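Colleague: I have a structure I would like to understand better, so I am pasting it below and will then ask my questions one at a time.
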Amino acid sequence: FRLKLMAEGELKDMEQFFDDLSDSFTGTEPEVHKTSVVGLFLRHMILAYNKLSFSQVYKLYTALQQYFQNDEEKNGIDESDMELTNTEELEGKMEKEELDVPLREEEISCSGPLSQKQAEYFLSQQASLLKNDETKALTPASLQKELNNLLKFNPDFAEAHYLSYLNGLRVQDVFSSTHSLLHYFDRLILTGAESKSNGDEGYGRSLRYAALNLAALHCRFGHYQQAELALQEAIRIAQESNDHVCLQHCLSWLYILEQKIFDSCVLLEHSVNKSLHFGLPYLASLGIQSLVQQRAFAGKAANKLMDALKDSDLLHWKHSLSELIDISIAQKTAIWRLYGRSTMALQQAQTLLSMNSLEAVNVGVQQNNTESFAVVLCHLAELHAEQGYFTAASEILKHLKERFPPNSQHAQLWMLFDQKIQFERAMNDGRYHIADSLVAGITALNSIEGVYRKAIVLKAQNQMSEAHKLLQKLLIHCQKIKNTEMVISVLLSIAELYWRSSCHTIALPVLLQALALSQEYSLQYLASETVLNLAFSQVCLISLNILHMAIEPVLAHGAVLDKGCAMFLVAKCQVASAASYAPQKKIEALESAILNLNEAKTYFAKVDCKEQLRDVLYFQARLFHTLGKTQERNKCAMLFRQLHQELPAHGVPLINAFK
C-alpha cells in the first residue's frame, strides 16, 4: 500500500517515507532495533538516500514509478489468464512475447539503475581486467554502453567517468578520453569526496592530480606542448601545497618530456634519489628502469646495467612489486637483444614466461596479459624467425593475437613484429612485390622502420639512386634523434649500394664509421656484422685475419641468414687467399671453401633465401670446374639454372655483395 501511495503520489511522499523510517528507531520502545538485521539494513538504506543529490533522488523516484507500473501490468495479465493457463505456460508466453517485440538499443542497455555496491563492483572488476587481462574485459563499445547507462542514472558518479577515460585510451580516442578525465575530476571536486578523505587539502589535491593526469594524457598522444603546460600547472599547485609525492610524480613526467629535447640523465638521477628519500619504491624503480634504458642507448657496458637492474630487483622483491619484476625481466630481454646476445635474450624471455603461466587465471593472482609479456613474446617470435623456425614463430604470433586482440592497447607490438617477419620472409624468397606491399603497414606502426625497409626493397629492385636518396634522408633524421642502432644499419646499407656500383674504396670510410659507432655504443653484433662487411670489401686483400674477429659472435648469436652470409664470405676469402698458394695447398684450400659453401647453403635453405642459394651454387660450380670435378659442376649448374630462371638477376653481376 505504501509503495502504491508513493508511486501514484508525488516526490514528497517518498521523502516522507524515509523520514518515517528514521522515526522507527526513536522512542523508549522502538519498532526496530538499530543492531538487528532489519535495523542495519534500514539504516544503510537511509544513509544511502541521504547521500543522493537532487537529480539522483528524482531519478530514484521515476525508477520506482516505472517498477510499480511494470508490476501492475504483470499482475493484470496474471488475473486474466489464471483460469486458462498454468504458471509454466504463462512464463513461456511472456518470454515469447518479450522475444518477439523488437526493443530499442536504449531499452536493452538501460535495464534499470544498479545499486551503489553493484556499480562499484562492476567498475572495480572492469578496471582490474583492463589492467591485467584486457581480453576478459568488455569490448570498448559494450563497456562504454554500460558506462553511459550508469551515468544516465547517476551523472555525478566520478569513478564511472574515470573508467570511461581508461576505455577511451584503449581505442586511442583523444577527445572522449580527455572529456571523461576532466569530468572525473570535476565530479570528484563537486561531490566533495576528496575533501572528506583529505580534509582541507582535498580540493587542491584533486586540482594538482587533475593537471598531472592531463599532462600524462597529452604526453601519451604526443601533444608535448600541451603536456608541458599542464605539468607546469601541476608543479605550481603541488609546490603551493608542499605535496612532495605529487612533485616526485611531476619530476618523473618532466624527465619524459625533457628527453624528447635533450639528455636529461641528471634529472632522472635526482628523481630516483628523491623517490627513495620519500619512500616511493614504485616510482624509484621505474626511474631506475628508465635510467638503465637510457644508459643502454648511450653504450654503457652490459655488466653495469645488469648490476643496476639487480638493485632494482631487490626493491621489487622487498615490496612485492610483481608488475615491476615482469618489467625488469622484459627490459633485460630487450637489452640483450640490443647488444646482439640472442642466447641471453632467449634465457630472459623463458624466465618471465616460466614465472607466470600463460594459462587463464583469476584476476589478481597472476598478470599474464601485461605489456611485459607482449614484449617478451614478440622478441621470442623474432628470435625463432631468425633461426628459420617460421612455424614456431607463427604459433607465437597466433598466441599473441589471441591474448592481445587488434583493439587492445598492446596490439601494435605484435602487429609490427608480424609485419617485419613477413617482410624478411618475402625478401629472402625474392618476392619483392610482396615485401613492398608490407612496407605501408610497417610505416603506419613505425615510420623509421618503414622508410628503412622501403630503401631495402628499392635496393633489391636495383633502383640505386632512389634507395640512396632515401637512406641519406633517413641517416640525417636518425642522427638527429640519436637512434644509433638504425644509424649503423643505414650506413651498412649505403655501403652495400657502393659495392653494387663497384665503388669499394668509397664504401670503406662508411664501414669504418659504422664500426666506430658500434664499438663506441657496445653493439657487439652490429660490430661483428660491420667487420664482415669490411672483410668483403677487402676480399682481394686477403681478409681472413679480419674474419676471425667477427665469425665467432655471428655463429654463436646471429640469425641463420647472417650465419650463411658469414660462411659464404669465409669461402670467398679462402679462394682469394689460395691464388698465391702452391698447387697442392691451393687444391686443399679450394676443397675447404667448398665445404664452407655447403654449410652456407644449408643455412640459406633453412630460411628459404633463394637469391643467396643461387649465388652459392654459382660459386660452387666455378670451384668444381677449377678442380676438374665435372659431375659435381654439372649438378650445381643445373640447380643454379633452375633458380636463375625463377629469380632473374636483373642485370646485376652475381656475387657482388656481402648479403
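The values are calculated or read from the model by the stated rules, or taken from the named source; none is laboratory data. Note that the structure is a prediction, hence the values are computed from the model and not measured. Keep in mind that these areas ignore ligands, DNA and RNA; they rest on the heavy atoms of the full protein, side chains included. Shrake-Rupley method; radii C 1.70, N 1.55, O 1.52, S 1.80 Å.
Colleague: What percentages make up the Cα-Cα pair-distance distribution of segment 201-257 when the bins are 10 Å wide from 0?
Modeller: Taking all Cα pairs of segment 201-257, the binned fractions are 29, 57, 14, 0 percent.
Colleague: Let me ask another. According to the Cα gyration tensor, what semi-axes, each the square root of 5 times an eigenvalue, does the equivalent ellipsoid of segment 432-497 have, listed from largest to smallest in whole Å?
Modeller: Details: eigenvalues 65, 46, 14 Å².
In descending order, the three semi-axes are 18, 15, 8 Å.
Colleague: Lysines within cross-link reach of residue 136: Cα-Cα under 17 Å, excluding same-chain residues under 8 positions apart?
Modeller: 145, 401
Colleague: So how exposed is residue 336, as accessible area in Å² (1.4 Å probe, rounded to 10)?
Modeller: Accessible surface of residue 336 is approximately 40 Å².
Colleague: Sticking to Cα atoms, compute the Rg of segment 1-69 to one decimal and its Dmax as the biggest Cα-Cα distance, whole number, in Å.
Modeller: 13.1, 39
Colleague: Right, something else. Using 0.36 nm per residue of separation minus the Cα-Cα distance, give me the extension gain between residue 513 and residue 141 in nm, one decimal.
Modeller: On the way: separation 372, 0.36 × 372 = 133.92 nm, distance 5.22 nm.
Length gained, residue 513 through residue 141: 128.7 nm.
Colleague: Also: Would you mind working out the accessible area per residue for segment 201-257, using a 1.4 Å probe, and quoting it in Å²?
Modeller: On the way: 2690 Å² over 57 residues.
Dividing the accessible area of segment 201-257 by its residue count gives 47 Å².
Colleague: Grab the Cα-Cα distance for residue 186 and residue 121, subtract it from 0.36 nm times how many residues apart they are, and report the gain in nm with one decimal. Intermediate values should be presented prior to the final figure.
Modeller: Working: separation 65, 0.36 × 65 = 23.40 nm, distance 2.23 nm.
Using 0.36 nm per residue and subtracting the Cα-Cα distance, I get 21.2 nm.
Colleague: For segment 574-658, which whole-number percentage of the solvent-accessible area (1.4 Å probe, protein heavy atoms only) is attributable to carbon and sulfur atoms?
Modeller: That share works out to 54 percent.
Colleague: Further question on the same structure: Let me understand segment 574-658 better: what is its radius of gyration from the alpha carbons, and its Dmax, in angstrom?
Modeller: For segment 574-658, the Cα radius of gyration and maximum Cα-Cα distance read 13.3, 40 Å.
Colleague: Another question, if that's okay. Can you sort 511, 353 by 1.4 Å-probe accessible area, starting with the largest?
Modeller: 353, 511
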